[in-house]
Amino acid sequence: MDNAVLREEQLKEEQLKEKQLKDEQLNNEKKDVYILAIESSCDETAAAVVKNGREVLSNVIYSQIDLHTLYGGVVPEIASRKHIEKINQVIQAALEEAGMKLEEITAIAVTYGPGLVGALLVGVSAAKAISFASGIPLIGVHHIEGHISANFIENKELEPPFGCLVVSGGHSHLVRVKDYGEYEILGRTRDDAAGEAFDKVARAIGLGYPGGPKIDKVSKEGNPDAIHFPRAKVDDAAYDFSFSGLKSAVLNYLNSCQMKGEPFNQADVAASFQKAVVDVLVEHSMQAVKEHGFQKFAIAGGVASNSSLRKAFEEACKKQKVEFYHPSPIFCTDNAAMIGVAGYYEYIKGIRHGYDLNAVPNLKLGER
């Protein structure tokens with residue numbers, strides 16, 4: 001066989017393979033995609049089944065809040081042990097609630113970072129074991145990407161690009177969502193995350209753990225203008241956040257009251273602190289909206305369920321004529337449905353992980 005004939009045969013073979021690949025992709029697009037998702041990054045053991053990235057068939061969450069309230073915060077070792085106890089039960093419950101069998105699942109998505117390393121390892125190990133035993137593809141998902149993706153569940157019309165503020169107990173990120181799975185971090189916290197500041201201030205004024213919901217509730221009885229607390233700005237990074245100074249200002253106010261023998265109004269302190277946090281979050285976000293030309297803006301994460309924050313963003317976005325999106329409170333806290341949504345978009349991009357997938361507690365947004 002001469003070289004010309006050989007090249008022709010090779011070309012035909014390549015064209016056949018290309019056609020087969022296109023046919024396979026077309027078939028996959030026509031088929032429904034079911035993602036079994038697992039989340040265990042902190043103190044919620046969660047599993048969900050998500051259909052085609054937007055429809056939640058089940059969302060099961062076992063919360064450890066009552067357990068960790070005894071200690072005033074999350075104890076990593078206790079969280080890990082409780083995940084081990086509950087993970088199989090929660091996964092089974094998610095499949096049953098969705099009315100599905102494991103063999104009907106298209107892929108398994110699991111949070112592999114960031115978070116508490118021991119807690120993450122429980123979810124990652126369970127996902128790898130199920131994937132290995134069943135042959136179902138495995139997809140590692142970034143926890144923050146999951147929070148952002150929670151907005152897709154109830155807002156079917158929302159598509160990238162848009163701006164998003166992610167505020168939780170461990171993270172405060174201002175993000176440009178360029179496409180599904182493609183992000184640019186515009187700003188982040190330099191010290192305490194917003195949710196962390198809520199927890200610390202709540203403890204200081206005698207509300208206990210978890211701080212966010214308790215401050216939100218008691219603030220409704222207080223005057224947000226009773227005490228002026230500082231709004232920090234970072235000179236060399238307009239979109240970055242800093243809440244440690246605010247936290248210290250609250251503690252100094254409380255110490256001053258104690259030294260003078262004066263009582264303080266718990267509701268006024270809570271409301272004034274909350275207003276200081278909300279003002280900074282909204283101001284930085286609206287600055288990004290103006291400078292980057294966002295037509296759509298979303299919030300995500302545990303603090304995104306705060307009623308004052310939601311109201312402030314609704315008003316600010318309306319003023320800027322920007323569409324505002326937010327998940328329901330159940331999808332703001334850690335849950336597996338959001339991981340299933342993010343996992344779906346990773347799956348259709350062709351992203352798969354091997355059995356060497358490991359927990360990465362300090363995983364940065366955008367890293368693989």
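The values are calculated or read from the model by the stated rules, or taken from the named source; none is laboratory data. Since the structure is predicted, the reported quantities are computational estimates derived from the model, not experimental observations. Heads up, the Cβs are rebuilt from the backbone with ideal geometry, glycines too, and the neighbour counts pull from every protein chain shown.
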- Task: Please list, ordered by first then second residue, the pairs with beta carbon atoms under 7 Å, 6 or more apart or interchain, first in the stretch 48-77 and closer than 24 Å to A204 by Cα, second assigned to a loop (DSSP other than H, G, I, E, B) and among the small types (G, A, S).
- Result: T69/G208; G72/G208
- Message: Take the conditions of a type in the set (D, E, K, R) and either closer than 18 Å to P327 by Cα or buried (at least 24 other Cβ atoms within 10 Å of the Cβ) (or both) and apply them to K156. Does it pass?
- Response: yes
- Task: Considering only residues that are acidic (D, E) and surrounded by fewer than 20 Cβ atoms within 10 Å (Cβ to Cβ), look in the stretch 340-368 and name the one that is modelled with the lowest pLDDT.
- Result: E367
- Message: Whether any residue in the stretch 135-157 is in contact with an Asp or Glu (Cβ under 8 Å, 6 or more places away or on another chain), without any contact (Cβ under 8 Å) to a residue 60 or more places away in the chain and not charged (D, E, K, R) is what I want to check.
- Response: no
- Please work out if S134 is within 22 Å of V60 (Cα to Cα), among the hydroxyl-bearing types (S, T, Y) and surrounded by fewer than 24 Cβ atoms within 10 Å (Cβ to Cβ). yes
- Task: Could you tell me whether the stretch 326-346 includes any residue that is within 14 Å of the chain's Cα centre (by Cα) and either more than 17 Å from I144 (Cα to Cα) or in a strand (DSSP E or B) (or both)?
- Result: no
- Query: In the stretch 297-308, which residue that is outside any loop (DSSP other than H, G, I, E, B) and in contact with a His (Cβ under 9 Å, 6 or more places away or on another chain) is surrounded by the fewest Cβ atoms within 10 Å (Cβ to Cβ)?
  - Reply: S305
- Subset of the stretch 106-129 (residues that are without any contact (Cβ under 8 Å) to a residue 60 or more places away in the chain and either within 11 Å of G343 (Cβ to Cβ) or β-branched (V, I, T) (or both)): none
- Message: Given the condition surrounded by 21 or more Cβ atoms within 10 Å (Cβ to Cβ), in contact with a Ser or Thr (Cβ under 8 Å, 6 or more places away or on another chain) and either assigned by TED's automatic domain parsing to the domain that holds V175 or assigned to a helix (DSSP H, G or I) (or both), answer yes or no: does some residue in the stretch 284-296 qualify?
- Response: no
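Confirm whether G354 is in contact (Cβ under 8 Å) with a residue 60 or more places away in the chain, in contact with a strand residue (DSSP E or B) (Cβ under 6 Å, 6 or more places away or on another chain), not hydrophobic (A, V, I, L, M, F, W, C) and not assigned by TED's automatic domain parsing to the domain that holds A270.
Numbers: in contact (Cβ under 8 Å) with a residue 60 or more places away in the chain: yes; in contact with a strand residue (DSSP E or B) (Cβ under 6 Å, 6 or more places away or on another chain): no; not hydrophobic (A, V, I, L, M, F, W, C): yes; not assigned by TED's automatic domain parsing to the domain that holds A270: yes.
Against the criterion (in contact (Cβ under 8 Å) with a residue 60 or more places away in the chain, in contact with a strand residue (DSSP E or B) (Cβ under 6 Å, 6 or more places away or on another chain), not hydrophobic (A, V, I, L, M, F, W, C) and not assigned by TED's automatic domain parsing to the domain that holds A270), G354 does not qualify.
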- Given the conditions (1) touching a helix residue (DSSP H, G or I) at 6+ places or on another chain (Cβ under 8 Å); (2) farther than 18 Å from H171 by Cα, report the number of the one that G340 does not fulfil. (1)
